[in-house]
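Engineer: Handing you this structure, nothing more for now.
We did not get these values from a lab; they are worked out from the coordinates using the rules stated. The structure presented is a predicted model; accordingly, all values stated were derived computationally and were not measured. Using ideal geometry, Cβ is built from the backbone for each residue, glycine included, and neighbour counts are taken over all protein chains shown.
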Amino acid sequence: GWQVSMKSGSLSYILPCNRLPVQLMSQVRVYTSNGQKKDLGSEDTNGSARGETLRKVETGQDTTNAGQKQSSPKQPMQVKVKAVLKKREYGPKYTQNNFITGVRAINEFCLKSSDLDQLRKIKRRSPHDDTETFTVYLRADVEAKSLEVWGSPEALARERKRRKEAEIKYRENLFRNQRLLWEYKEFFGNTKPRSSTAAMFFKGPGKVVMVAICINGLNFFFKLLAWVYTGSASMFSEAIHSLADTCNQALLALGISQSARTPDPSHPYGFTNMRYIASLISGVGIFMMGAGLSWYHGIMGLLHPHPVESLLWAYCILAGSLVSEGATLLVAINEIRRSARAKGLSFYQYVVQSRDPSTNVVLLEDAAAVLSVAVAATCMGLTSLTGNPYYDSVGSLGVGTLLGTVSAFLIYTNTEALLGRSIEPEQLQRLTELLESDPVVRAIHDVKATDMGMSKVRFKAEVDFDGRVVTRSYLEKQDIEQLLQEIQQVKTLEELEAFMLKHGENIIDTLGAEVDRLEKDLKQRNPDVRHVDLEIL
């Protein structure tokens, strides 16, 4: 049964109920060992039989020990009688009150949009930022409608199986259809306007990468000719270095284009990490192609030295390479300065934190290229002056060591970014203080803020909400006079249950609205925060 008393401040309401054997507000009956019954509260005429039974149990009266006397009086025992609601068993799977969207109803239960027009429509708070409310349906109504349309669960299962097979067949033919579309575009010409992905290569990091590809490609061609003409080990290292830079920057361009893809069900957070993956592979490529081949050629030059031919053309090509690599380096430096100023970071912090991996790779590769040109020119000059080919081989080893250092730095920074490192402590403290300063929040625990890459932060926290503030927020939106009248009209258990369920669900909706408000405030005051997960304690 129900607790039949309800308090509101100093005012108490006694709700009559014929189903209960007792009516209590805060009622305690005392049974003593001498058989006397004392009521602390209202009279209970129906409890005498239970009192007598309890008295007998306490005094130990039965047929075997009726003659025994107590040597000392027993302490009085207090029994508090409480009326409670019987617990409802919902079973392991209860979906009668579940809501379902129209898209899921059509897809999962094989219905048409016209079938949903006849069902009850319920407006609920939307989980999306761009809409306030959206329409849902009761799952029980949708299940009943699907059985009405298909006749039986077996027929519905057959239709689901048929649609699943059709979906699998469509996916198998998707690649072939894309290939045919590509061939069609190649034959008739692609008349689509320039996509946003192509536009990315005309500004920002994309522009820096495209400039670097063009310049490094030309440098590789001329350095290769100089190596063929002179046979210099240092010039060979420079040619390999330019080739590695060209290939790695082409990989960066691929990463930039892939990162612009829109999120899909398999990748709900998008493809922004493709830039870090491309930069990581680029770092490995620098180590394998650039550093590895330079070391190999330098060691072979030390083991098997041979005279170097005229280095005049090599000096000219190195001078041209120095100018071109320096120009690319300046483009990368200006882009990083502009981006760091927009983020409020220093140049060093922006590079170390790998905020823009594509530009970082171009910056470090070109810086290494300028230094390696200086090393190669110095060692070739010593070889020309002394006639000793060992200086040239040592220059090749120096270029390889420089490339190995750059690749190690790129591998480390991009690995840290892909692992999901935390944001700066100062930024995390600002987010924490913003939540704790809100009246609805009592405390927050287990705070995590992960940098997802490309200035996107995911924030998660366990929040202890103040239920009194949430309830007061709900009451402020209600007509108190009408609410008091509803309370006074409650006379039966059914009315009490309906009253509590109605306002209980509304208070839960108010709590959900408070969560949405906090998430919106976090995103507005911190543009880097893209995903917020607030879990209720």
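Engineer: Please provide three numbers in whole Å: the alpha-carbon extents of segment 425-536 along the principal axes, with the largest listed first.
Structural biologist: Taking max minus min along each principal axis of the Cα atoms, segment 425-536 gives 60, 21, 20 Å.
Engineer: Regarding segment 258-385, what's the average projected area of the Cα-atom convex hull, expressed in nm²?
Structural biologist: Numbers: hull surface 43.2 nm².
Reported value for the Cα convex hull: 10.8 nm².
Engineer: Highest mean first, how do 418-431, 511-524 rank when packing is the count of other Cβ atoms within 10 Å averaged over residues?
Structural biologist: Put in order of decreasing packing, that is 511-524, 418-431.
Engineer: Under the 0.36 nm per residue contour assumption, what length would be gained going from the current alpha-carbon distance of Glu476 and Arg124 to full extension?
Structural biologist: Full-extension gain reported as 124.7 nm.
Engineer: Determine, for each peptide in 151-158, 351-358, the mean count of other beta carbons within 10 angstrom over its residues, then list the peptides with the highest first.
Structural biologist: Descending packing order for the listed peptides: 351-358, 151-158.
Engineer: For segment 217-301, what is the per residue volume of the convex hull drawn over the alpha-carbon atoms, in cubic angstrom?
Structural biologist: On the way: hull volume 6.2 nm³, N = 85.
That works out to 73 Å³ per residue.
Engineer: If you average 1/r over all unlike Cα pairs in segment 197-419 and invert the result, what Kirkwood radius do you get in angstrom? Can you show the working numbers first?
Structural biologist: Numbers: mean 1/r = 0.0560 Å⁻¹.
Taking the inverse mean of 1/r over all distinct Cα pairs, segment 197-419 comes out at 17.8 Å.
Engineer: Turning to a different aspect of this structure: At 4 °C and a viscosity of 1.567 mPa s, what translational diffusion coefficient does Stokes-Einstein give for segment 269-329, taking Rh as the Kirkwood radius over Cα pairs? Give it in µm²/s as a whole number. Don't skip to the end; give the middle numbers.
Structural biologist: Details: Rh = 15.1 Å.
In µm²/s, the coefficient rounds to 86.
Engineer: Same structure, new question: Between Leu330 and Thr131, what is 0.36 nm times their sequence separation minus the Cα-Cα distance? Round to one decimal in nm.
Structural biologist: 67.1 nm
Engineer: With all pairs of different alpha carbon atoms counted, what Kirkwood hydrodynamic radius in Å does segment 466-508 show? Kindly include the intermediate steps, with their values, before the conclusion.
Structural biologist: Details: mean 1/r = 0.0902 Å⁻¹.
Across segment 466-508, the inverse of the average 1/r is 11.1 Å.
Engineer: At q = 0.10, 0.16 Å⁻¹, what is the base-10 log of I(q)/I(0) for segment 343-500 according to the Debye formula with one equal point scatterer per Cα and no solvent? Please give it to two decimals.
Structural biologist: -0.67, -0.99
Engineer: By how many nm would the segment from Leu382 to Leu419 lengthen if fully extended, with 0.36 nm per residue of separation less the alpha-carbon distance?
Structural biologist: On the way: separation 37, 0.36 × 37 = 13.32 nm, distance 4.58 nm.
The span from Leu382 to Leu419 would gain 8.7 nm if fully extended.
Engineer: Taking R0 as 22 Å, what's the FRET efficiency between Glu505 and Lys460 from their Cβ-Cβ distance, rounded to 0.05?
Structural biologist: Working: r = 27 Å, r/R0 = 1.21.
Here the calculated transfer efficiency is 0.25.
Engineer: Given the pairs Lys460/Lys520; Lys343/Lys448; Lys343/Lys523; Lys460/Lys523, which span a C-alpha to C-alpha distance of over 18 angstrom in this model? The partial results should precede the final answer.
Structural biologist: Details: Lys460/Lys520 14 Å; Lys343/Lys448 21 Å; Lys343/Lys523 16 Å; Lys460/Lys523 13 Å.
Pairs exceeding the cut-off: Lys343/Lys448.
Engineer: Could you check the simple spin-label distance between Leu428 and Cys316, using points 7 Å along Cα→Cβ, in nm with one decimal?
Structural biologist: 5.9 nm
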